[in-house]
Amino acid sequence: MKILVTVKRVTDYERKAKITPDGSALVTEGMNFVPNPFDEIAVEEALRLAKTHGGEVVVVSIGPKDAVQQIRQALAMGANRGILVEAEDVDPDGVARILQKIIADEAPNLVVMGKQDTDNDANQVGQLLAGYLDWPQATFASKKEGLDSDQEKKQVPGVVIEGEKATVIREVDGGLETLQVSLPAIVTTDLRLNHPRFASLPGIMKAKKKEVKELGVDAIGVDVSPKVRILEYKEPAERQAGVTVSDVDQLLEKLKNEAKVL
Amino acid sequence: MSNILVIAEVSEGELKRATLTCIGFARQAAERTGGTVQALVVGKGVGAHAETLAKYVSTVHVADDGAFEKPLAETYAKAIAAAAESAGAHVVCMAATAHGKDVMPRAAALLQAGMASDIVGFGKDGMQLQRPIQAGNVIATVELTTEVKVVTTRPTEFEAATESEAAGEVKALTVDVGTPKTTFVAFDKVASERPELGDASVVVSGGRGLKESGNFPALIEPLADKLNAAIGASRAVVDAGWVPNDMQVGQTGKVVAPNLYIAVGISGAIQHVAGMKGSKTIVAINKDPEAPIFAIADYGLVEDLFKVVPELTEKI
């Protein structure tokens, strides 16, 4: 089977974002860039599925030229080849439209993507893409066995594929939901699906020789004019640090008489 | 096309309170752009919920069909698109619950609409909308350029609507769902007698400082019982499998804003803080005085939680 997986280049989520003084942009200079952590989980799941069922994993990124680094990281984990679409400041709808075109060419059986990225936090692309393709979707994929389980240690995929159907356990409000979708389908990954592997040194060496096709957004022939326009960035209202209390009695006194929440 | 359509959510037979907060958003939007506030309820046997919703909006569209017994994005998105057309809606909105996040972008694709996720407020004019990005460290003001605009709203940021004076009308909606390619298999509910995390007025959360899973029932649950509180957790302990996924508070989990949030043994990573910094009063208990949680806590207690949490439970 052919599995297409997406990887976005994002700013290091451990570091706090900064806004330019005029509020028109986010500061990117001096920032570290990493693969979106949800996408690393997607790559891991795709690799496990390909190992279990046989087949190829194709990594796609849409972003600046440097996003090839994040594609190489996925190739070093074990993906087979990459496609980079060079385009900047594309909104989720534009990303979904570009992916729709790539999927028309590649005809994968399954698309696995992170449920959201840690820059924009929109959580839209997988669902938009499923809507445009009229494919079924299983978002927020998870599993019942924990990340300490034997299944996880044995790198068993959470998504179960039998014939032309995939069974996916999803994180929803109030519990876990199980859906079955016919293939081809879109799966988006949540945090508890797996622990992504680290790239091995031989993996990194091999990745240098793997094919990465680079395409300009014009070559794709999609209108990516934004449907979401960002007007301004600003800092949220900051909470002030309060006081340190010396013991439980003082805490209770404050909660009762000052905060009046007890 | 100038009306606002709110997509209601029914879960386990109950109309979710988050729906009323989305109606709260829709009323504010209607003041800015004109038009009526309407609602859509989708499901099987949801007539009573339609009657309830009619107390809040001018028109309730009801897609009541066996095909909608389970909330599948594939079929529900079609109902939303059909209702948006029937309502003449220029804004289609739903609370940013797990179901809302799943179905609304798909509906946006069907409507060729731009979408803004997880809205927390309005910008200066018209339908300028504010949304948190970068784990809540930045607020972006956005504008959707399409005629139909799809929005999900963060339930903690909008007041639940109160009933209107005049009851609205209820209209049946017929939807062609075709042959769905998605089948519902099972729902494994996390059994809990406690208030729902998103709605609770008090939340007690535990983190890695608790050291092992057994300390959740030993320390956190008795305190939560005393306060009739919901229980939350940091990502670290959810990932470790100590508590169900459903309890994770944070940018990628649940966003909560209770009157009182008690963080026990939680360091305060930015992703966690993004999920609880809207709380009215925050208490942090941690033995590490350098823990970042203290920078946003109203009351910090730098102490060994194994000593002070039982004492707190005892004295409340």
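We did not get these values from a lab; they are worked out from the coordinates using the rules stated. Every value quoted in this text rests on a predicted model; they were computed, and no experiment measured them. Cβ placement follows ideal geometry from the backbone for every residue including glycine, while neighbour counts extend to all protein chains displayed.
May I ask which residue of A:G163, A:L251, A:L215 lies farthest towards the positive end of the charge dipole of chain A, with charges of +1 (Lys, Arg) and -1 (Asp, Glu) on Cβ and the Cα centre as origin?
Ranked along the dipole, the leading option is A:G163.
Quick one: 3J(HN,Hα) in Hz for the stretch B:64-69, Karplus 6.51/-1.76/1.60 with θ = phi - 60°, rounded, Gly and Pro as x.
Running phi through 6.51 cos²θ - 1.76 cosθ + 1.60 with θ = phi - 60° gives 10, 7, x, 5, 9, 4 Hz.
Hey, what did the stretch B:154-287 get for relative contact order, percent, Cα under 8 Å, at least 6 apart?
23
Which of A:A237, A:A199, A:A185 moves the most in a Gaussian network model of chain A with Cα springs under 10 Å?
Among A:A237, A:A199, A:A185, the largest GNM mean-square fluctuation belongs to A:A237.
Taking the Cα centre of each part, how many Å lie between the stretch B:254-316 and the stretch B:59-113?
The distance from the Cα centre of the stretch B:254-316 to that of the stretch B:59-113 comes to 38 Å.
What number, in nm² with one decimal, is the all-direction average of the projected area of the convex hull of the alpha-carbon atoms of chain A?
Convex hull of Cα atoms, orientation-averaged projection: 18.7 nm².
In debye to the nearest 20, how big a dipole does the protein assembly as shown give about its Cα centre with +1 on each Lys and Arg Cβ and -1 on each Asp and Glu Cβ?
Computed about the Cα centre, the dipole is about 980 debye.
If you put +1 on each Lys and Arg Cβ and -1 on each Asp and Glu Cβ, how big is the dipole of the stretch B:115-179 around its Cα centre, in Debye rounded to 20?
280
Contour minus end-to-end for A:S149 and A:D247, with contour as 0.36 nm per residue of separation and end-to-end as the Cα-Cα distance?
31.3 nm
To the nearest 500 deg cm²/dmol, what mean residue ellipticity at 222 nm is calculated for the protein assembly as shown from DSSP H runs of n ≥ 4 alone, each contributing -39,500 (n - 2.57), summed and divided by the residues?
The helix contribution divided over the protein assembly as shown gives -8000 deg cm²/dmol.
Take the alpha-carbon centre of the stretch B:145-201, take the same for the stretch A:32-108, and report the distance between them in whole Å.
The stretch B:145-201 and the stretch A:32-108 have Cα centres separated by 32 Å.
To the nearest 10 degrees, how steep is helix A:37-53 against the longest Cα principal axis of chain A, on a 0 to 90 scale?
40
Out of residues 5 or more away from A:R170 or on other chains, whose amide H comes under 5 Å of its own, with H placed 1.01 Å from N in the peptide plane?
Under 5 Å from the amide H of A:R170 lie the amide H atoms of A:S142, A:E177, A:T178, A:L179, each far enough along the sequence or on another chain.
Please rank A:I41, B:I316, fewest neighbouring Cβ atoms within 10 Å first, as an exposure proxy.
Exposure proxy ranking, most exposed first: B:I316, A:I41.
Dipole magnitude of the stretch A:138-181 about its Cα centre, charges +1 at Lys/Arg Cβ and -1 at Asp/Glu Cβ only, in debye to the nearest 20?
100
Using only C-alpha positions, report the orientation-averaged shadow area of the convex hull of the protein assembly as shown, nm², one decimal.
25.7
At 24 angstrom or more along the helix axis (alpha-carbon based) and mean Kyte-Doolittle of -0.5 or higher, what helices does chain B contain? Whole DSSP H runs only.
Counting only whole DSSP H runs, the qualifying helices are B:17-33.
Sort A:L231, A:L4, B:L312, B:L219 so that the residue with the fewest other Cβ atoms within 10 Å of its own Cβ comes first and the one with the most comes last.
A:L231, B:L219, A:L4, B:L312
Can you give the Rg/Rh ratio of the stretch A:1-86, where Rg is from the C-alpha atoms and Rh is the Kirkwood radius?
Ratio of gyration radius to Kirkwood radius for the stretch A:1-86: 1.08.
Between A:N32 and A:K260, what is 0.36 nm times their sequence separation minus the Cα-Cα distance? Round to one decimal in nm.
Between A:N32 and A:K260, full extension yields an extra 77.7 nm.
May I ask which of A:K65/B:K78; A:K65/A:K206; A:K115/A:K254 have a Cα-Cα span longer than 30 Å here?
A:K65/B:K78; A:K115/A:K254, as the Cα separations exceed 30 Å there.
Tell me which of A:N36, A:V125, A:L75 sits at the most positive position along the dipole axis of chain A, charges placed on C-beta atoms (Lys, Arg +1; Asp, Glu -1).
Going by the Cα projections, it comes out as A:L75.
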